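Contents: one structure, followed by commentary.
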Amino acid sequence: MKKVVVTALCVVSIVCLSVHGFASDWPRFLGPSATGISTETGINKSWNEKPPKELWRLNLTDGGFAGPAAAGGKVFIIDHKGTNDIVRALDLTTGEEAWAFTYSEPGASNFGFARSTPAVDNGKVYTLSRSGQLHCLNAADGKKIWSKNIVAEYKGKAPKWLMSMSPAIDGDKLVMTPGGPNALVVTLNK
C-alpha cells in the first residue's frame with residue numbers, strides 16, 4: 001500500500017513561496033523545470049535531528065509507482081481500486097479530497113497499477129494510465145475535457161512494465177511516447 005505524506009516543511013515551502021511568487025508549484029514529474037531540482041533555499045536537511053511535523057496522511061490502494069504533482073493548492077495523484085483508476089485531487093493543507101475522477105482500467109497488478117505522475121498546466125491535469133489512456137481534466141473540478149488511448153490510436157506497444165511515462169508539456173504541446181512503429185513519439189495539442 002502506497003502512502004502520501006505531506007510534512008509541515010513541504011506545505012510551508014509550497015504554500016508560502018507560491019503565495020509570494022518566489023517559487024513555482026511542483027506541477028509535473030521532476031518539477032517545474034523538469035530537472036528534479038528545487039530552487040527553494042533554507043530547507044531543513046537534518047530530518048533525524050529536526051523531523052518535520054506530519055500534517056496529514058492518505059492511504060492509497062494502488063501499490064504502483066505513480067508520483068504526486070502539486071499545483072494551485074492541490075496535490076494530484078493516480079490511485080487504483082478494483083478495476084478502476086482514480087485520479088485524486090487533494091487539498092494541499094488538509095489532505096481532504098477536492099474531487100476524484102474514475103475510469104475503467106482492468107487487469108491484474110503488475111507491480112501495482114498506476115505508474116505516471118500527472119502534469120498540471122494552465123488549469124488542466126493530464127494523466128496517463130498503464131494501458132495508455134490519456135486524460136485531460138479540469139484541475140478545478142475534475143471534469144473530463146478530452147481523452148484518448150495513445151496505444152490503441154497510434155498502434156503502440158506497451159513494454160513489459162506497461163506505460164509508465166509521465167505526460168510532458170512543451171508550450172502548447174503534450175509530448176507522449178506510444179511506442180508504435182510509425183509513432184514512437186507524438187506531440188498532441190493540449
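Mind checking the per residue accessible area of segment 46-190 for me, 1.4 Å probe, whole number of Å²? Each step should come with its number before you reach the end.
Details: 7150 Å² over 145 residues.
With all protein chains present, segment 46-190 gives 49 Å² per residue.
What list of ³J(HN,Hα) values in whole Hz, one per residue of segment 100-108 in order, does the Karplus curve 6.51 cos²θ - 1.76 cosθ + 1.60 (θ = phi - 60°) give from phi, with Gly and Pro shown as x?
Coupling constants for segment 100-108: 9, 10, 10, 8, 5, 8, x, x, 6 Hz.
I need the phi-derived Karplus couplings for segment 70-80: 6.51 cos²θ - 1.76 cosθ + 1.60, θ = phi - 60°, integer Hz, Gly and Pro marked x.
Those phi angles translate into 10, 7, x, x, 10, 10, 10, 8, 9, 10, 8 Hz.
If contacts are Cα pairs under 8 angstrom and at least 6 residues apart, what is the relative contact order of segment 53-136 in percent?
Values: 170 pairs, mean separation 22.8, N = 84.
Answer for segment 53-136 is 27 percent.
Relative to the Cα centre, what is the charge dipole magnitude of segment 117-190, using +1 at the beta carbon of each Lys and Arg, -1 at the beta carbon of each Asp and Glu, and rounding to the nearest 20 debye?
Values: 10 positive and 5 negative charges, 56 e Å.
Taking the Cα centre of segment 117-190 as origin, the dipole is about 260 debye.
Tell me what the chain gives for mean residue ellipticity at 222 nm when only DSSP H runs of n ≥ 4 count, each as -39,500 (n - 2.57), the sum divided by the residue total, rounded to 500 deg cm²/dmol.
-2500 deg cm²/dmol
List the lysines whose Cα lies under 19 Å from the Cα of LYS148, skipping any in the same chain that are fewer than 8 positions away.
LYS124, LYS157, LYS173, LYS190
Show me 102-109, 124-131, 64-71, 162-169 ranked by packing, highest mean number of other Cβ atoms within 10 Å first.
Working: 102-109: 11.6, 124-131: 24.5, 64-71: 22.8, 162-169: 19.6.
So the order, starting with the most tightly packed, is 124-131, 64-71, 162-169, 102-109.
So if I place +1 on the C-beta of Lys and Arg and -1 on the C-beta of Asp and Glu, and nothing else carries charge, what would the dipole magnitude of the chain be about its Cα centre? I want it in debye, nearest 20. Intermediate results must be reported in sequence, preceding the final value.
Working: 21 positive and 16 negative charges, 92 e Å.
In total the dipole reaches around 440 debye.
Long-range amide H contacts for ASP79: which residues qualify at under 5 Å (H placed 1.01 Å from N, peptide plane, sequence gap of 5 or more or a different chain)?
Those qualifying (amide H under 5 Å, at least 5 residues apart or on another chain) are ILE86, VAL87, ARG88.
Rank by packing, highest mean first: peptides 145-154, 39-48, with packing defined as the count of other Cβ atoms within 10 Å averaged across residues. Write out the running numbers ahead of the final one.
Numbers: 145-154: 16.3, 39-48: 9.5.
Ranked by mean Cβ neighbours within 10 Å, highest first: 145-154, 39-48.
Set Lys and Arg Cβ to +1 and Asp and Glu Cβ to -1, take the dipole of the chain about its Cα centre, and tell me which of THR41, PRO178, PRO27 lies farthest positive.
PRO178
Ignoring ligands, DNA and RNA, what percent of the 1.4 Å accessible area of the chain is carbon and sulfur?
57 percent
How big, on average over all directions, is the shadow cast by the Cα convex hull of segment 73-128, in nm²?
4.1 nm²
Which of SER104, ALA69, THR93 sits closest to the plus end of the dipole of the chain, meaning its Cα is farthest towards the positive end, when Lys and Arg get +1 and Asp and Glu get -1 on the C-beta?
Selected residue: SER104.
I need the semi-axes of the equivalent ellipsoid of segment 109-190: take the C-alpha gyration tensor, multiply each eigenvalue by 5, square-root it, list largest first in whole angstrom.
Working: eigenvalues 83, 48, 21 Å².
Equivalent ellipsoid semi-axes, largest first: 20, 16, 10 Å.
Give me the distance in nm between label points sitting 7 Å out from Cα along the Cα-to-Cβ direction at ALA152 and LEU30, one decimal.
In this crude spin-label approximation the distance works out to 3.0 nm.
With unit charges on the beta carbons (Lys and Arg positive, Asp and Glu negative) and the dipole taken about the Cα centre of the chain, which residue among ASN84, CYS136, PRO118 sits farthest to the positive side?
It is ASN84, whose Cα lies furthest towards the positive end.
I'm spelling it out carefully: the read-out is semi-axes √(5λ) of the Cα gyration tensor in Å, the candidates are (i) 29, 19, 15; (ii) 32, 18, 14; (iii) 43, 26, 12, and one was derived from this structure. Which label?
Matching the structure shown: (i).
The values are calculated or read from the model by the stated rules, or taken from the named source; none is laboratory data. These figures come from a predicted structure and were not determined experimentally. As a convention, Cβ positions derive from the backbone with ideal geometry for all residues, glycine included, and neighbour counts pool all protein chains shown. To get the accessible areas, we keep the full protein, side chains included, count just its heavy atoms, and leave off ligands, DNA and RNA. Shrake-Rupley method; radii C 1.70, N 1.55, O 1.52, S 1.80 Å.
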